[in-house]
Every structure is written in C-alpha cells, then in structure tokens.
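One structure below.
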Amino acid sequence: MVVREIHPKIKVIQAAVLETEVAKCKIDENVASIEARLIPERPSASETIGKVRSEALSKLHLLRLKKMNSIVRRQLMLKQSEKVS
C-alpha cells in the first residue's frame, strides 16, 4: 500500500530531476556561447611561436632580397663605369 503511494511521487521527482538536468545543460551551453563571443580566443604557445617564426623568416627573406639587389646594383654600376672608362 505504501509502495503504491510512493511510486507516483518517485516518478514525479525523477521527471523533475531530468528536467533540471536538461535545463542545466542548456544554461551551460548558453554560458559557453556567451563566453565565446565575449572572451577573445588566445592562441596557444605553439601558434604564437609559429607566427613569430614565420614573421621573422619573412623579414629575413626581405632583408636578403634587399641586400642582393644592392649588390647587383653596385656590380652593374661598376660594369657601366668600366665600359665608360
């Protein structure tokens, strides 16, 4: 007799717990979504190092090109001055 009275109450409590868990999951998803929009993503250390490395290599490449162009210009000027002399 007592079991028959308690059983429906247990079902109601289980349903309420399930609803609460579903609501909690939705709230967590909403919070994560809001955080993702408000908090900028920070790159990982390896991404940062890779970016700095590629920028440094790019600058080095440009400096080498400028140096080579400067050397070629000087050589051309020397050759032209030799032809004139």
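Just a few scattered comments:
- Counting only alpha carbon atoms, the long axis of helix 45-84 and the longest principal axis of the chain meet at about 10°.
- Rounded to the nearest 500, the 222 nm mean residue ellipticity of the chain from helices alone is -33500 deg cm²/dmol, with -39,500 (n - 2.57) taken per DSSP H run of at least 4 residues.
- With the simple model of a label 7 Å out from the Cα in the direction of the Cβ, Ser46 to Val72 spans 3.9 nm.
- Using alpha-carbon coordinates, inclination of helix 2-38 to the longest axis of the chain, degrees: 20
- Taking 0.36 nm per residue of separation and subtracting the Cα-Cα distance, full extension of the segment from Ile6 to Ile34 would add 5.9 nm.
- Count of Lys pairs (Cα-Cα under 26 Å; at least 8 positions apart or interchain) in the chain: 12
- Here region 2-60 is treated as a sphere whose radius is the Kirkwood value from Cα pairs; by Stokes-Einstein at 4 °C and 1.567 mPa s it diffuses with a coefficient of 80 µm²/s.
- FRET efficiency, 1/(1 + (r/R0)^6) with R0 41 Å, evaluated for Ala56 and Ile27 via beta carbons: 0.35
None of the figures in this text is laboratory data; all of them are computed from the coordinates on show. Please read all numbers here as calculations on a predicted model, not as lab measurements. Every residue, glycine as well, gets a Cβ built from its backbone with ideal geometry; the counts of neighbours run over all protein chains shown.
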